1. Answer with yes or no whether residue 19 is farther than 30 Å from residue 201 by Cα, modelled with pLDDT under 95 and in contact with a helix residue (DSSP H, G or I) (Cβ under 9 Å, 6 or more places away or on another chain).
2. Can you say whether residue 168 is surrounded by 15 or more Cβ atoms within 10 Å (Cβ to Cβ) and either farther than 26 Å from residue 65 by Cα or touching a residue at least 40 places away in the same chain (Cβ under 8 Å) (or both), as far as the supplied structure shows?
3. Just one of the numbered conditions (1) buried (at least 21 other Cβ atoms within 10 Å of the Cβ); (2) assigned to a helix (DSSP H, G or I) is not true of residue 123; which one?
4. Any idea how many residues of the stretch 51-79 are more than 13 Å from residue 111 (Cα to Cα), buried (at least 18 other Cβ atoms within 10 Å of the Cβ) and in contact with a helix residue (DSSP H, G or I) (Cβ under 6 Å, 6 or more places away or on another chain)?
5. Which number in (1) buried (at least 18 other Cβ atoms within 10 Å of the Cβ); (2) touching a residue at least 40 places away in the same chain (Cβ under 8 Å); (3) touching a strand residue (DSSP E or B) at 6+ places or on another chain (Cβ under 7 Å) marks the one condition that residue 142 misses?
6. Could you please find all residues in the stretch 94-113 being touching a residue at least 60 places away in the same chain (Cβ under 8 Å) and assigned to a helix (DSSP H, G or I)?
7. With respect to residue 216, is the statement that it is at pLDDT 95 or above, out of contact with any strand residue (DSSP E or B) (no Cβ under 6 Å at 6 or more places or on another chain), loosely packed, with under 14 Cβ neighbours inside 10 Å and more than 23 Å from residue 10 (Cα to Cα) true?
8. Against the condition over 25 Å from residue 101 (Cα atoms), in contact with a helix residue (DSSP H, G or I) (Cβ under 8 Å, 6 or more places away or on another chain) and in contact (Cβ under 8 Å) with a residue 24 or more places away in the chain, how does residue 246 come out, does it pass?
């Protein structure tokens, strides 16, 4: 079964993360399939807008726990390289010439939330939940987490969201500036398609220039920040705290961290 599905509606590409039983957790297999799909869209000049959503009840629960747990047995150098590649694949949506819309249909966590925030426009269902749980896992924030939050909500709320590690509902996310709008679960995709159709009628070259202009004005050092994130996460995988964080998730209990 494909972990990522590409469908089209006229000149709109729809990417669906497709592991609903695992809440669309991001795996190495998903990364490779995502890479192929992004390459196809990038080459297809007929596609004017891209929508990303998740199958089932989740947008994405972030990195696959088994995949992440395995990294505790791998060297820092290997993890650093692997994490950089993983980030680059999913965040390559920022390099697409087309505007990208996130249709956040449910829970979105960690790297899944980074993927959503990397989109140009973000719309959520009333059932959506937003969660950066790094501090509860003992894992350094990665995949541009702090930068995406700073762009959206500023330093004060970034600190609160990451330090307190609590989930946000859709109304709070909208109020704080994480997303652009909220729709009912039933009407989310309908409204996202409507918005995409409106944008698809506009001048494509100008849309690309707008997208690139926004990206350049936000941060010229973003790639350096991603490298730093990968390094910090690679270091995290060598700690006892992260192993305890993973074990607590598997055992459905609160982690007991020792700072080691």
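The values are calculated or read from the model by the stated rules, or taken from the named source; none is laboratory data. Predicted, not measured: the structure shown is a model, and the values here were computed from it. Cβ atoms come from the backbone with ideal geometry, glycine included; neighbour counts cover every protein chain shown.
1. Numbers: farther than 30 Å from residue 201 by Cα: yes; modelled with pLDDT under 95: no; in contact with a helix residue (DSSP H, G or I) (Cβ under 9 Å, 6 or more places away or on another chain): yes.
Taking the combined requirement at face value, the residue does not satisfy it.
2. Numbers: surrounded by 15 or more Cβ atoms within 10 Å (Cβ to Cβ): yes; either farther than 26 Å from residue 65 by Cα or touching a residue at least 40 places away in the same chain (Cβ under 8 Å) (or both): no.
Here the answer is no, as residue 168 does not meet what is asked.
3. Looking at each condition in turn, residue 123 falls short on (2).
4. Of the residues in the stretch 51-79, 5 are more than 13 Å from residue 111 (Cα to Cα), buried (at least 18 other Cβ atoms within 10 Å of the Cβ) and in contact with a helix residue (DSSP H, G or I) (Cβ under 6 Å, 6 or more places away or on another chain).
5. (3)
6. Of everything in the stretch 94-113, those that are touching a residue at least 60 places away in the same chain (Cβ under 8 Å) and assigned to a helix (DSSP H, G or I) turn out to be 94, 111, 112.
7. Values: at pLDDT 95 or above: no; out of contact with any strand residue (DSSP E or B) (no Cβ under 6 Å at 6 or more places or on another chain): yes; loosely packed, with under 14 Cβ neighbours inside 10 Å: yes; more than 23 Å from residue 10 (Cα to Cα): yes.
Judged against the criteria, residue 216 is not a match.
8. On the way: over 25 Å from residue 101 (Cα atoms): yes; in contact with a helix residue (DSSP H, G or I) (Cβ under 8 Å, 6 or more places away or on another chain): yes; in contact (Cβ under 8 Å) with a residue 24 or more places away in the chain: yes.
Spelling it out, residue 246 is indeed over 25 Å from residue 101 (Cα atoms), in contact with a helix residue (DSSP H, G or I) (Cβ under 8 Å, 6 or more places away or on another chain) and in contact (Cβ under 8 Å) with a residue 24 or more places away in the chain.
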